[in-house]
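Note sheet for the following structure.
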Amino acid sequence: GNTLGGVMKAADMGTLSKSLLLGACGMPGNTAYFGLLEICKPKAGDTVVVSGAAGAVGSLVGQIAKIKGCKVIGYAGTDEKCQWLKEIGFDEAFNYKKVGVKESLAKAASAGVDCYFDNVGGEMSAAIMSLMNTRGRVAVCGAISHYNDVGGYIKVTDVLPLCVFKELMVEGFLVGRWKARWMEGVTAMAGWVMKGEIKVRETVVE
């Protein structure tokens, strides 16, 4: 990957398809693995929320969180995606186009939210962060809601007061930070895929 600079030798994938090195056992996999485990530091029993949950990264984040013993709630943009999230082990999955984020999450996460893996930003993140527990952890991976803003970022609810009163830890990251541990992530993800603990849906383009 160019964000890492240079070329790496492909990992030995055993019986797994080498194509997984582009996904679950590659950059998306390591983004999920290190972003969730190093920044959110989920503990068994924590409630983890993932936005953009049906994407390459989000779907893996939710499954890693389940492996770690967490309750996992995902937000995606179609009923089909939400159905698939339930199939791969998410406890709850909501179509944000059909439900209010705050209302649905208040019901689903009655004990509050401990970790939030943010792929979306914007008002959805403000709503989720408003329901976080004291000293909750937020890993900011992407801000899809802003990518098409005309003339710079649109105004969204200011989350800084929430960060103060809830003492939230909010950290943005680029996966290249863990370049020195790259193979650790690939190996862990490949192990979970082989054991069937992580399910992968590949999109193949000829």
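Report, in debye and to the nearest 20, how large the dipole of the stretch 93-202 comes out about its Cα centre when Lys and Arg carry +1 and Asp and Glu carry -1 on their Cβ. Intermediate results must be reported in sequence, preceding the final value.
Working: 14 positive and 11 negative charges, 48 e Å.
Result for the stretch 93-202 is approximately 220 debye, rounded to the nearest 20.
In whole Hz and in residue order, list the ³J(HN,Hα) couplings for the stretch 35-50 that follow from phi through the Karplus curve 6.51 cos²θ - 1.76 cosθ + 1.60, θ = phi - 60°; x for Gly and Pro.
x, 6, 6, 7, 9, 7, 6, x, 10, 3, x, 5, 9, 10, 10, 10
When the dipole is taken about the Cα centre of the stretch 27-178, and only Lys, Arg (+1) and Asp, Glu (-1) are charged at their Cβ, what size is it in debye, to the nearest 20? Don't skip to the answer; put the middle values down first.
Values: 16 positive and 15 negative charges, 50 e Å.
Magnitude of the dipole: close to 240 debye.
Starting from the amide H of Met132, placed 1.01 Å from N in the peptide plane, find each other amide H under 5 Å away whose residue is 5 or more places distant or on another chain.
Val113
Go through the stretch 140-145 residue by residue and turn each phi into a ³J(HN,Hα) via Karplus (6.51, -1.76, 1.60, θ = phi - 60°); whole Hz please, and just put x for glycine and proline.
Once θ is set to phi - 60°, the couplings for the stretch 140-145 become 9, 9, x, 9, 3, 4 Hz.
Roughly speaking, to the nearest percent, how much of the stretch 65-124's 1.4 Å accessible area is carbon and sulfur? Please report the intermediate quantities before stating the final value.
Details: 1300 of 2660 Å².
Within the stretch 65-124, the accessible surface is 49 percent carbon and sulfur.
Working from the alpha-carbon coordinates of the stretch 91-206, get Rg over Rh, Rh being the Kirkwood radius. All intermediate terms of the calculation are to be shown ahead of the outcome.
Working: Rg = 17.0 Å, Rh = 16.7 Å.
Using only Cα positions, Rg/Rh for the stretch 91-206 is 1.02.
In a shell of Cβ-Cβ distance under 15 Å around Asp91, excluding Asp91 itself, what net charge do Lys and Arg (+1) and Asp and Glu (-1) give?
Values: positive: Lys66, Lys68, Lys71, Lys86, Lys107; negative: Asp46, Glu87, Glu92, Asp114.
Local net charge: +1.
With every protein chain present, what is the per residue accessible area of the stretch 29-107 (1.4 Å probe, Å²)? Before the final figure, lay out the partial values.
Working: 3020 Å² over 79 residues.
For the stretch 29-107, the solvent-accessible area averages 38 Å² per residue.
The values are calculated or read from the model by the stated rules, or taken from the named source; none is laboratory data. These numbers were taken from a predicted model, which means no experiment stands behind them. Glycine gets a Cβ as well: all are built from the backbone with ideal geometry, and neighbour counts include every protein chain shown. In case anyone asks, the SASA skips ligands and DNA or RNA and just uses the protein heavy atoms, side chains included. Shrake-Rupley method; radii C 1.70, N 1.55, O 1.52, S 1.80 Å.
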